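Read through the structure below, which is laid out as structure tokens, and then see the notes.
The values are calculated or read from the model by the stated rules, or taken from the named source; none is laboratory data. Note that the coordinates shown come from a computational prediction; the quantities given were computed from them, not determined experimentally. We place every Cβ from the backbone using ideal geometry, glycine too, and count neighbours over all the protein chains shown.
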Amino acid sequence: MKIHEYQAKEQLRPFGLPIPRGQVAATAVEAEAAAKMLGGQVVVKAQIHAGGRGKGGGVKLASGPTEARAMAEKILGMTLVTHQTGPEGRLVRQVLVEETLPIARELYLGAVVDRVSGKPVMMVSASGGMEIEEVAAKDPNAILREPFDADRGLQAYQARRLAFGLKLPAAAINPAVKAMLALARAFVALDASLAEINPLVLTKDDKIVALDAKLNIDDNALYRHPELKALRDIHEEAPLEVEASRYSLNYIKLDGNVACMVNGAGLAMATMDIIQYAGGSPANFLDVGGGASQEQVRHAFEILLKDPNVKAVLINIFGGILRCDTLANGVVEAARAVDLKVPLVIRMEGTNVEQGREVLRASGLPITVAGSMKEAAEKVVAAAGGGRR
């Protein structure tokens, strides 16, 4: 789960990370009041779940309260397009009004989980303000890394090694070490999948401050953090993904035209692969889970068909806890309810598979039943138009 910059800073501050003074505003009047409270020059920053806001016109400097209000009027309500939003952009509903700082250098600081070692890793780079992926592609050696144990935490000697690697002035070493240790503690305590400060700035008086903050929380750990779950902003998520979450369905929209419904993440990945192999392109990732009910199957099918790009649907189910007859009944109910107008191919194996096939045959609906994944992929791709769109 992603949260906004101002929310991330609110979560990181108690761990000791140095955060600029600021206040969130939903109106231009609130932005003006925030600027008065801060005094002097401020920065007005659009709050959306995407990077590249400055390049898109979503970050503006203001000399005082009057100009802050004018900048907020321009930013609030705009559809901000960045390299991360896609061409459709995101509607800006809030801005963060924050004090400006005398910046000497921009650095990068971030923590992620290293899937190879199975440990968190702290990363720093002198190339702050840039996308870390871009830095890694151009010069991998520009990123310094220190893996650490989640239970023991990042050790002070590791943080010092990273700080010295950034070639900081002597007066900034200890503040940088404290910031790294604070971020490591927050990363573990909040069950984050990503904690990123970009840029982490060195000021002209040798202070270290988190100028920006990005925090992604592991969805699987949200039951431990009701206070974080409350920070979810559904306006920043794809509408179909929000709807799917209401029914405990795992749905991610993609750019293709073949909709997929499966049970199990591994089967979902294999299904998307075989659609690509057959010359098609998947329109989504949808995992109904091993124990889906007939109602969940019906809702899943309805969500698939709400995507206007979908030209055909492939349902690929291995019936275990989710029996094939339960699947078939749910699909038939949903197909009748939505007046199915696109080709539907089903491949299923497992518990009660014959009963499930009988339900499909007896429905009278134009449903193609395939005997193998390869056959199912070939038929659904042909039905969708026979190639990638």
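Can you work out which of the residues in region 296-343 that are of a type in the set (S, T, N, Q) and modelled with pLDDT of 85 or more is nearest to the chain's Cα centre (by Cα)?
If we filter region 296-343 for residues that are of a type in the set (S, T, N, Q), which is where we start, we get 296, 309, 316, 326, 329.
Still in the list and also modelled with pLDDT of 85 or more: 309, 316, 326, 329.
Values: Asn309: 22, Asn316: 26, Thr326: 32, Asn329: 33 Å.
Residue satisfying both the conditions and the ranking: Asn309.
What are the residues in region 194-210 that are closer than 10 Å to Pro18 by Cβ and outside any strand (DSSP E or B), if any?
Lys207, the sole residue that qualifies.
Which pairs do you get when a residue that is without any contact (Cβ under 8 Å) to a residue 60 or more places away in the chain and outside any loop (DSSP other than H, G, I, E, B), found in region 78-94, comes within reach of a residue that is polar (S, T, N, Q) and buried (at least 18 other Cβ atoms within 10 Å of the Cβ), reach meaning Cβ atoms under 9 angstrom, with the pair 6+ apart or on two chains?
These pairs meet every condition: Thr79/Thr85.
Being surrounded by 15 or more Cβ atoms within 10 Å (Cβ to Cβ), more than 30 Å from Asp149 (Cβ to Cβ), among the basic types (Lys, Arg) and modelled with pLDDT under 95 is the requirement here; does Arg69 meet it? If you could, list the steps in order and put the result at the bottom.
Details: surrounded by 15 or more Cβ atoms within 10 Å (Cβ to Cβ): yes; more than 30 Å from Asp149 (Cβ to Cβ): yes; among the basic types (Lys, Arg): yes; modelled with pLDDT under 95: no.
Taking the combined requirement at face value, the residue does not satisfy it.
Taking only region 56-66 into account, find how many residues are part of a loop (DSSP other than H, G, I, E, B) and over 28 Å from the mean Cα position of the chain (by Cα). Quick ask: steps written out before the conclusion?
Our first condition is that a residue be part of a loop (DSSP other than H, G, I, E, B); within region 56-66, this holds for 56-58, 63-64.
Adding the requirement that they be over 28 Å from the mean Cα position of the chain (by Cα) leaves 63-64.
Of the residues in that region, 2 qualify.
If I filter region 14-55 down to residues being in a loop (DSSP other than H, G, I, E, B) and more than 29 Å from the chain's Cα centre (by Cα), which single residue comes out as nearest to Thr79 (Cα to Cα)?
Of the residues in region 14-55, the ones in a loop (DSSP other than H, G, I, E, B) are 16-21, 26-27, 39-41, 47-55.
Add one more test, that the residue is more than 29 Å from the chain's Cα centre (by Cα), and what stays is 39-41.
On the way: Gly39: 29, Gly40: 28, Gln41: 25 Å.
Selected residue: Gln41.
In contact (Cβ under 8 Å) with a residue 40 or more places away in the chain and outside any strand (DSSP E or B): is that true of Glu133 in this structure?
Values: in contact (Cβ under 8 Å) with a residue 40 or more places away in the chain: no; outside any strand (DSSP E or B): yes.
No.
Checking Ala334 against (1) closer than 22 Å to Pro239 by Cα; (2) among the small types (Gly, Ala, Ser); (3) touching a residue at least 40 places away in the same chain (Cβ under 8 Å); (4) surrounded by fewer than 24 Cβ atoms within 10 Å (Cβ to Cβ), which single condition isn't satisfied?
(3)
List, please: which pairs have Cβ atoms under 6 Å, are six or more places apart or on different chains, and start with a residue in region 112-128 that is assigned by TED's automatic domain parsing to the domain that holds Leu200 and end with one that is among the β-branched types (Val, Ile, Thr) and not in a strand (DSSP E or B)?
As it stands, the answer is Ser125/Val135; Ser127/Val135, since those pairs meet every condition given.
Taking Ala184 as meeting all but one of (1) under 21 Å from the mean Cα position of the chain (by Cα); (2) surrounded by fewer than 20 Cβ atoms within 10 Å (Cβ to Cβ), write down the number of the exception.
Checking Ala184 against (1) under 21 Å from the mean Cα position of the chain (by Cα); (2) surrounded by fewer than 20 Cβ atoms within 10 Å (Cβ to Cβ), the one that fails is (2).
For the subset of region 31-66 comprising residues that are out of contact with any strand residue (DSSP E or B) (no Cβ under 9 Å at 6 or more places or on another chain) and more than 29 Å from Glu131 (Cα to Cα), which member is surrounded by the most Cβ atoms within 10 Å (Cβ to Cβ)?
Filtering first and then ranking leaves Lys36.
When you scan region 211-287 for helices (runs of 4 or more DSSP H) that lie fully inside it, which ones turn up with 2 or more residues that are under 15 Å from the mean Cα position of the chain (by Cα) and surrounded by 15 or more Cβ atoms within 10 Å (Cβ to Cβ)? First the steps, then the outcome.
Details: elements: 226-229, 239-246, 265-277.
Where helices (runs of 4 or more DSSP H) fall fully within region 211-287 and carry at least 2 residues being under 15 Å from the mean Cα position of the chain (by Cα) and surrounded by 15 or more Cβ atoms within 10 Å (Cβ to Cβ), they are 239-246.
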